[in-house]
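The values are calculated or read from the model by the stated rules, or taken from the named source; none is laboratory data. Owing to the predicted nature of the structure, the values given are computational and were not obtained by experimental measurement. Every residue, glycine among them, receives a Cβ derived from its backbone with ideal geometry; neighbour counts consider all protein chains shown. Keep in mind that these areas ignore ligands, DNA and RNA; they rest on the heavy atoms of the full protein, side chains included. Shrake-Rupley method; radii C 1.70, N 1.55, O 1.52, S 1.80 Å.
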Amino acid sequence: MKPINLSAGTAPFELKGSVLTIIVLHIKETDANRLYPQLEKKIGQARSFFNNAPVLIDLSVVDKESQTALDFVFLVTTLRRLGLVPVGVRGVDQDQTERVLQAGIGLLPAIKTEKTVEAYADKHSAEPASPEEKKSPESSDTVTCQAPSVALTKVITQPVRSGQQVFAPQGDLVVLSSVNAGAEVLAAGNIHVYGALRGRAMAGINGDAAARIFSLQCNPELVAVAGEYMVNELLDTALINQSVMISLEDGSLKLEVIGSFTSFA
Amino acid sequence: MIADIFNNKEEQELAKVVVVTSGKGGVGKTTTSAAFAAGLAIRGYKTVVIDFDVGLRNLDLIMGCERRVVYDLLNVIHGEGSLNQALIKDKRVGNLFILPASQTRDKDALSMEGVGEVIAALQQSFDYIVCDSPAGIEKGAMTAMYFADEALVVTNPEISSVRDSDRIIGMLASKTRRAEQNLSPVKEHLVITRYDPIRVNKGDMLSADDVHEILAIPFLGVVPESKSVLAASNSGIPVTLTDDSDAGEAYFDMVDRFLGQDRPFRFMDVPKRSFLSRLFGTQ
């Protein structure tokens, strides 16, 4: 029984916090003559891809004066025109808060915990810092699709049965039971099966060639890493029902027996 | 004649709904439903067995009541007859009732709400409701499993049957009332029928262990491949009501295990040959 079950029925809304992935626009310099043409060029090409996606503007690497020079209203209108929906700004100097709010978007505190991400961003910002050397507009990474700092692992405790599909769209997939024939498991990262793998397993579905598949008892219908696949018929019979790791090496799948224990069964 | 159906159940918990399902056809769902329901009734539980195979009804034949069917499940759902009129009392076991399926209609005529109402009404007066599911994963099978509290997953020891059962077990965990309302999951029991230990030893047939390992649900028992099953079916007697039947004994073991008693597993190994038959090399 829920405690809040009054005669009025369920509440018409709930207010909840949520962690989500969002496109972040890291701005590195605010010179309008360089920023806007490049934005137009870069985003304009991929307009259909963004399709009214919410975007967060990050100004952490822009110094105080350059921030003052930035016209927030113009930036916001430009982004809207390019098919993006700016929702907020982060890493902005305190003096600018009034102007940001006037532009009709929200304020977020600068990121502090994501050290690695910032280091990565810094390294990238070093490149276009000398724009004379590299004129090619592609080299300036103004739009970065930022993945969450820790990819999410999906853990499945039940057997994955015939007809079922389990998908880990961002990180690894761990199955603490078997993947039966007729079932399908997919992950952006690695796939671990702590049981028999009898169905289909596809790791690195977004193209991660470093993804691997591990299984305690390997007899899959099909395995694939980053699009390279192999059907059961092509597997080395010596590997069937062994503990096997599958990886991608020089463009083809490599299967090797792993684990140092000997079974006394 | 059947005025006493609804009045002799004391105040207690609602009847348990048990679905007999498999995915694949021809594995012994109806035989199991009939034998299991008769077994529960003999053990003293008031039991009704419902045929959900609309259009291909068989349960009445196996139960030997095909010549007494007046109204069926769909008549009750559509208000053309009352539940009392549709229930057929078994002539051999007092506690046993059959609710037949319609032979003339389409499976789509089974409405989830209608079946829910029928089951809710039956729960008031019975101890066990056994639902004989049709094969497949279409509406009939989905309706049969939707209200289940427990499930007998009937499997033959061969790979296609095992795979279909695997699919059904997945659906029991996602497409039932218990799954949709976040109640404790449907309790599954593995029943392996047409088991032949000699062929298992030869490697022609999957062993009970293999099947159990793949499906990973609690094991209720095996029913040996037996001539008595066909004979009983053709004469309209649930195999648990026949004398001297190994399959009947196997079903009784399962009923008792289902009811929480400890019974040693039988019929799993090749019967030992006597000294003389070994000497003369006969089987």
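Could you tell me which numbered condition residue A:221 fails, if it satisfies all but one of (1) buried (at least 23 other Cβ atoms within 10 Å of the Cβ); (2) more than 27 Å from the chain's Cα centre (by Cα)?
(1)
Within region B:196-227, track down each residue that is closer than 10 Å to residue B:269 by Cα and charged (D, E, K, R).
B:196
Only residues that are small (Gly, Ala, Ser) and out of contact with any helix residue (DSSP H, G or I) (no Cβ under 8 Å at 6 or more places or on another chain): list them for region B:117-140, please.
Start the filter on region B:117-140 by keeping residues that are small (Gly, Ala, Ser), which leaves B:120-121, B:125, B:133, B:135-136, B:140.
Answer for region B:117-140, where residues must be small (Gly, Ala, Ser) and out of contact with any helix residue (DSSP H, G or I) (no Cβ under 8 Å at 6 or more places or on another chain): B:120, B:125, B:136.
Just one of the numbered conditions (1) within 14 Å of chain A (Cβ to nearest Cβ); (2) within 20 Å of the chain's Cα centre (by Cα); (3) more than 27 Å from residue B:62 (Cβ to Cβ); (4) assigned to a helix (DSSP H, G or I) is not true of residue B:185; which one?
(4)
What residue, among those in region B:86-104 that are touching a strand residue (DSSP E or B) at 6+ places or on another chain (Cβ under 7 Å) and among the small types (Gly, Ala, Ser), is farthest from residue B:59 (Cα to Cα)? Full working, then the answer.
Filtering region B:86-104 down to residues touching a strand residue (DSSP E or B) at 6+ places or on another chain (Cβ under 7 Å) leaves B:86-90, B:95-101.
Within this subset, residues satisfying the condition of being among the small types (Gly, Ala, Ser) are B:86, B:101.
On the way: B:86: 14, B:101: 8 Å.
Among residues in region B:86-104 that are touching a strand residue (DSSP E or B) at 6+ places or on another chain (Cβ under 7 Å) and among the small types (Gly, Ala, Ser), the one farthest from residue B:59 (Cα to Cα) is B:86.
Here is a check on your reading of the model: is residue B:125 among the small types (Gly, Ala, Ser) and open to solvent by less than 20 Å² (accessible area, probe 1.4 Å)?
yes
Could you list all residues from region B:196-217 that are in contact (Cβ under 8 Å) with a residue 12 or more places away in the chain and not in a loop (DSSP other than H, G, I, E, B)?
Within region B:196-217, B:197, B:198, B:200, B:201, B:208, B:210, B:211, B:212, B:214, B:215 qualify.
From the list A:165, A:170, A:158, exactly one residue is more than 15 Å from residue B:214 (Cα to Cα), within 14 Å of chain B (Cβ to nearest Cβ) and polar (S, T, N, Q). Which is it? Give the steps one after another, and end with the answer.
Details: A:170 fails: within 14 Å of chain B (Cβ to nearest Cβ); A:158 fails: more than 15 Å from residue B:214 (Cα to Cα).
Of A:165, A:170, A:158, the one residue that is more than 15 Å from residue B:214 (Cα to Cα), within 14 Å of chain B (Cβ to nearest Cβ) and polar (S, T, N, Q) is A:165.
Please enumerate the residues belonging to region B:137-156 that are open to solvent by less than 10 Å² (accessible area, probe 1.4 Å) and more than 14 Å from chain A (Cβ to nearest Cβ).
Residues of region B:137-156 that are open to solvent by less than 10 Å² (accessible area, probe 1.4 Å), as a first pass: B:140-141, B:143-145, B:148, B:151-155.
Result: B:140, B:143, B:144, B:145, B:148, B:152, B:154.
Checking the structure you have, find out if any residue of region B:236-259 is within 14 Å of chain A (Cβ to nearest Cβ) and surrounded by fewer than 18 Cβ atoms within 10 Å (Cβ to Cβ). Even if it seems obvious, please write down each step before you answer.
Going residue by residue through region B:236-259, those that are within 14 Å of chain A (Cβ to nearest Cβ) are none.
No, the conditions are met nowhere in region B:236-259.
Quick one: how many residues across region B:138-168 are over 14 Å from the mean Cα position of the chain (by Cα), within 24 Å of residue B:184 (Cα to Cα) and hydrophobic (A, V, I, L, M, F, W, C)?
Final tally of qualifying residues: 3.
What are the pairs, 6+ residues apart or on separate chains, where a residue within region A:53-82 that is assigned to a loop (DSSP other than H, G, I, E, B) has its Cβ under 6 Å from a residue that is charged (D, E, K, R)?
If the second residue must be charged (D, E, K, R), the pairs left are A:61/A:28.
Given the residues B:115, B:162, B:191, which is the only one that is farther than 15 Å from residue B:19 by Cβ and open to solvent by less than 10 Å² (accessible area, probe 1.4 Å)?
Within the list B:115, B:162, B:191, the selection yields B:162.
Just to be sure I understand, how many residues within region B:91-112 are modelled with pLDDT of 90 or more and open to solvent by less than 10 Å² (accessible area, probe 1.4 Å)?
Restricting attention to region B:91-112, the residues satisfying the condition of being modelled with pLDDT of 90 or more are B:91-101, B:111-112.
Pick out the ones that are also open to solvent by less than 10 Å² (accessible area, probe 1.4 Å) and you get B:96-101.
Qualifying residue count for the region: 6.
Test residue B:210 against the criterion of being within 13 Å of chain A (Cβ to nearest Cβ) and touching a Ser or Thr at 6+ places or on another chain (Cβ under 9 Å), and give yes or no.
Against the criterion (within 13 Å of chain A (Cβ to nearest Cβ) and touching a Ser or Thr at 6+ places or on another chain (Cβ under 9 Å)), residue B:210 does not qualify.
Being at pLDDT 95 or above, hydrophobic (A, V, I, L, M, F, W, C) and surrounded by fewer than 24 Cβ atoms within 10 Å (Cβ to Cβ): is that true of residue B:42 here?
yes
From the list A:259, A:182, which residue is in a loop (DSSP other than H, G, I, E, B) and within 27 Å of residue B:172 (Cβ to Cβ)?
Within the list A:259, A:182, the selection yields A:182.
I'd like the full set of residues that are open to solvent by less than 40 Å² (accessible area, probe 1.4 Å) and either in contact with a Lys or Arg (Cβ under 9 Å, 6 or more places away or on another chain) or hydrophobic (A, V, I, L, M, F, W, C) (or both), limited to region B:217-235.
Of everything in region B:217-235, those that are open to solvent by less than 40 Å² (accessible area, probe 1.4 Å) and either in contact with a Lys or Arg (Cβ under 9 Å, 6 or more places away or on another chain) or hydrophobic (A, V, I, L, M, F, W, C) (or both) turn out to be B:217, B:220, B:221, B:222, B:223, B:224, B:226, B:229, B:232.
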